[in-house]
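**Student:** Let me begin by handing over the structure; questions about it come next.
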Amino acid sequence: MNGTSEIIQIQGLVKRFPMGKGEFTALRGITLTFGKGEFAGLVGPSGSGKTTLLNIIGSLDVPTEGWVNVLGNSIGTLSAKEAAQLRKESIGFIFQSYNLLQVHTVYENVEFPLLLLKHNGSQRRRMVMDALEWVGLVDKEKSKPPQLSGGECQRVAIARAMVKRPPLVLADEPTANLDAANSHHILKTMETLNRELHTTLLFATHDDKVIGYLRRMIYLLDGRVDRDETVRKD
Amino acid sequence: MLLALRLAVRNLIGAGLRTWLNALVLSFSFVVIIWLKGIMVGWDHQAKNDMTDYEIGGGQYWHHLYDPYDPLSLSDSHAPVPSHVKDEIQAGDMEPVLVVPGHIFPRGRMQSVVIKGINPAQTIWKLPTGELDADTDAIPAMIGAVMANGTRLGQGDRVMIRWRDTNGTFDAAQILITAVFSSNVPSAEAGQVYVPLERLRKMAVMHDQATILTFRDGRSQRPEIEGWILKTKAELTRQVDDMIKAKTVGQSIFYGVLLLLAMLAIFDTQVLSIFRRQKEIGTYIALGYTRKEVVGLFTVEGAMHAVLAAFVATLYGLPFLAWQAKAGWTIPMEASEFGMAMAQTLYPVYTVGLVVSTALLVTLATAVVSYVPSRRIARMNPTDALRGKLQ
């Protein structure tokens, strides 16, 4: 923890999934807190529970045991509507495979979260153009995802996650499909946005390029926190 | 809802050819259903108009013993014309018809007929009764095209006719066919021989008598007449209504099959869509949609096919339907063989109700078919959906 106000509190988190006739335990008693404006990463090998933890923090999944509080919301007790409301208003997602809406233009993809929030047209236009400027894609606003490179697609995904200026952005392996140059470009963009907008960015990654940018690293191993290190301070 | 509509339009347009192929198939259902129903409505209108013009006028009074389906009732179903309708008859707004059973002998064969005595100067029906006012040594008579075809009689032919008078005495004379008419109303033609009313009254010794009194104006309230049964136009055309209803039920099966084919395409598209767009579904949920809202979005998207189909149907269906309303549809076999009032060429009539109800039917069916596979989304795990993992 960096000593800032806590926006994520996790206490004794256990997550089990049914598997065949038995169960698979993905997370085994995780206890963590994250503060506002952190640039942190869940690091570990495949199957260590990074994505599962990210999904629970993002209210896409619920804990089997334990307690997770995100921005004042207890994840395990939220109704589907309340969880959707939390995601809509306060959480941005960035995915490994971008998950852009293929038939929509770059502009429409970035505009989508604002449509859900019912912002008016001129407000949407201004916010979308700001977000595209952050990621350097103003000239591609009319392009569709199939016409973009992988790096450009991920920059659109970042713009989509940041456009509503959420307090929390969750990025699951955001550079896994990108080359080194694009990865660094993306990470620099995210770092800048973290500084300028004070958005908490939480990564799930095992990419060394990402690890190099993180200010805090939580090593997960077999569903447990192995190490929690503050590696770099501004 | 507005957002769902907006997204649905974007997604559908984005899906390209697949969307337009579905819309085309669905539009075919639109056009065919409207056309077939239009034919039914047109047939109904035409049949009733033809019956009015050639048989029932604005309605009728029947002698209380008259039963057109019981030939044995004909001998006794006549009575003097009631005195209080004579002014109406004088004014030409009511026409008495005397019905007498008889036989004709075309080419040596004997055929039962109904001899109808009718006023040659009448103006209620479109029957060419003026042709009965002929100067001839035989009895001038008129028959319908159905009768002419069956007996191979034509204009100018003579044939022996036999009847029984009111005393039960058989008599016979020659008739001269002065006119053959075509009415599209088989019951006005088959087995019917029309002769001048006064001539038949003399032949049957039934002075001033009638079996049927047909009046012109069917709108006003008609009084009851003792010994006569009032048959309104609605009652007399009920047979047409029943037949149209029966036909409509039969046609509904056809619509059903047609709609089923279109719905199958929509269903298939929806299933494929949900299967292929799992990542997108997960993304919608991650961005703040509930699973129920995504179900709604996919349902609206599927149902929007009906809106696009209506648009496509307008492009090619409107000219086709307009052309049909003008040119009509000619039945490829002899219409008179159906035994019902039916013109050889039917002109479809399209009402606002018909178009709106068809559009609602197709849209509703499309919405239901879109909803059924979309329910699967509600059971999806969003984290698996995000990874595009098959569920």
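**Student:** Two-decimal Rg/Rh of the stretch A:19-143 from alpha-carbon positions, Kirkwood Rh?
**Tutor:** Taking Rg over the Kirkwood Rh, I get 1.03.
**Student:** Starting from the amide H of A:Ala204, placed 1.01 Å from N in the peptide plane, find each other amide H under 5 Å away whose residue is 5 or more places distant or on another chain.
**Tutor:** Amide H neighbours of A:Ala204, under 5 Å, 5+ apart: A:Leu42, A:Ala171, A:Asp172, A:Glu173.
**Student:** Next up: What whole-number volume per residue, in cubic angstrom, does the convex hull of the C-alpha atoms of chain B give?
**Tutor:** It is 180 Å³ per residue.
**Student:** Still on this structure, I have one more. Could you work out the mean count of beta carbons from other protein chains within 10 Å of each residue's beta carbon in A:50-59?
**Tutor:** What the average comes to for A:50-59 is 2.
**Student:** Amide H neighbours of B:Asp157 under 5 Å, at least 5 residues apart or on other chains, H built in the peptide plane: list them.
**Tutor:** Excluding prolines and chain starts, which carry no amide H, the hits are B:Ile177.
**Student:** Which whole-number percent gives the relative contact order of chain A, counting Cα pairs below 8 Å spaced six or more residues apart?
**Tutor:** It rounds to 28 percent for chain A.
**Student:** Can you grab the distance from the C-alpha centre of the stretch A:165-234 to the C-alpha centre of the stretch B:346-391, Å, no decimals?
**Tutor:** 43 Å
**Student:** Can I ask one more? Can you list the residues of the stretch A:105-137 that have at least 30 square angstrom less accessible area with all protein chains present than in their chain by itself, probe 1.4 Å?
**Tutor:** SASA drop of 30 Å² or more in the stretch A:105-137: A:Glu108, A:Phe112, A:Leu115, A:Leu116.
**Student:** Report relative contact order for the stretch A:85-176 in percent, whole number only (criteria: Cα-Cα under 8 Å, sequence separation at least 6).
**Tutor:** This gives 52 percent for the stretch A:85-176.
**Student:** While we're looking at this one, here's another question. With each label point set 7 Å from Cα along the Cα-Cβ vector, what nm distance links B:Phe254 and A:Asp139?
**Tutor:** Here the answer is 6.1 nm between the modelled labels.
**Student:** Take peptides B:295-302, B:347-354, B:322-329 and line them up by average Cβ neighbours within 10 Å, highest first, as a rough protection proxy.
**Tutor:** Going from most to least packed, we get B:295-302, B:347-354, B:322-329.
**Student:** Can you divide the C-alpha Rg of chain A by 2.2 N^0.38 Å and report the result to two decimal places?
**Tutor:** Relative to the rule-of-thumb radius for its length, chain A sits at 0.99.
**Student:** If contacts are Cα pairs under 8 angstrom and at least 6 residues apart, what is the relative contact order of the stretch A:1-133 in percent?
**Tutor:** About 21 percent, as a whole number.
**Student:** For a Förster distance of 45 Å, can you work out the FRET efficiency between the beta-carbons of A:Arg227 and B:Arg276, rounded to the nearest 0.05?
**Tutor:** Efficiency for this residue pair is about 0.65.
**Student:** I'd like the antiparallel share, as a percent to the nearest 5, of DSSP beta bridges with both residues in chain B.
**Tutor:** Approximately 75 percent, going by the DSSP bridge assignments.
**Student:** Compute the distance from the alpha-carbon center of the stretch B:60-130 to that of the stretch B:195-254, in whole Å.
**Tutor:** Taking the Cα centre of the stretch B:195-254 as reference, the centre of the stretch B:60-130 is 11 Å away.
**Student:** Hey, got the average number of other protein chain Cβ atoms within 10 angstrom for residues in A:76-87?
**Tutor:** Counting Cβ atoms of other protein chains within 10 Å of each residue's Cβ and averaging gives 3.
**Student:** Sort B:141-148, B:105-112 by packing, meaning the average of other beta carbons within 10 Å per residue, with the highest value first.
**Tutor:** B:141-148, B:105-112
**Student:** Now for a separate question. Using the Karplus curve 6.51 cos²θ - 1.76 cosθ + 1.60 with θ = phi - 60°, what ³J(HN,Hα) values do you get for each residue of the stretch B:101-117, in whole Hz, with x for Gly and Pro?
**Tutor:** Listing the rounded values in order: x, x, 9, 10, 10, x, 6, x, 8, 9, 9, 5, 9, 10, 8, 10, x Hz.
**Student:** Apply the a/c threshold of 1.5 to the C-alpha gyration tensor of the stretch A:97-177 and tell me whether it is rounded, prolate or oblate.
**Tutor:** oblate
**Student:** While we're looking at this one, here's another question. Name the residue farthest towards the positive end of the dipole of the stretch B:146-242 from the options B:Val159, B:Met203, B:Phe215, assuming +1 on Cβ of Lys and Arg, -1 on Cβ of Asp and Glu, about the Cα centre.
**Tutor:** B:Val159
**Student:** What's the angle, to the nearest 10 degrees (0 to 90), between helix B:352-378's Cα axis and the longest principal axis of chain B?
**Tutor:** Approximately 30 degrees, to the nearest ten.
**Student:** Find which of B:Gly59, B:Ala310, B:Ala141 sits farthest along the positive direction of the dipole of the protein assembly as shown, computed with +1 on the beta-carbon of Lys and Arg, -1 on that of Asp and Glu, about the Cα centre.
**Tutor:** With unit charges placed on the Cβ atoms, the residue in question is B:Ala310.
**Student:** Let me ask another. Modelling each spin label as a point 7 Å along the Cα-to-Cβ direction, I'd like the A:Arg165/A:Thr33 distance in nm, to one decimal.
**Tutor:** Simple spin-label model gives 2.7 nm for this pair.
**Student:** Work from the charge dipole of the stretch A:164-231 (Cβ charges, +1 for Lys and Arg, -1 for Asp and Glu, about the Cα centre) and give the residue of A:Met190, A:Val225, A:Ala204 farthest towards its positive end.
**Tutor:** Value computed over the given set: A:Met190.
**Student:** Once you have the alpha carbon radius of gyration of the stretch B:59-216, what is it after dividing by 2.2 N^0.38 Å, with N set to its residue count?
**Tutor:** 0.97
**Student:** If I model the protein assembly as shown as equal point scatterers sitting on the Cα atoms and use the Debye formula, what is log10 I(q)/I(0) at q = 0.06, 0.11, 0.12 Å⁻¹?
**Tutor:** Listed by q, the Debye log ratios stand at -0.56, -1.02, -1.13.
**Student:** What is the angle, in °, between the Cα long axis of helix B:291-327 and the longest principal axis of the Cα atoms in chain B? Nearest 10 is fine, range 0 to 90.
**Tutor:** 40 degrees
The values are calculated or read from the model by the stated rules, or taken from the named source; none is laboratory data. Since the structure is predicted, the reported quantities are computational estimates derived from the model, not experimental observations. Note that each Cβ is placed from the backbone with ideal geometry, even for glycine, and that neighbours are counted across all protein chains shown. Please note that ligands, DNA and RNA were not included when accessible areas were found on the heavy atoms of the full protein model with its side chains. Shrake-Rupley method; radii C 1.70, N 1.55, O 1.52, S 1.80 Å.
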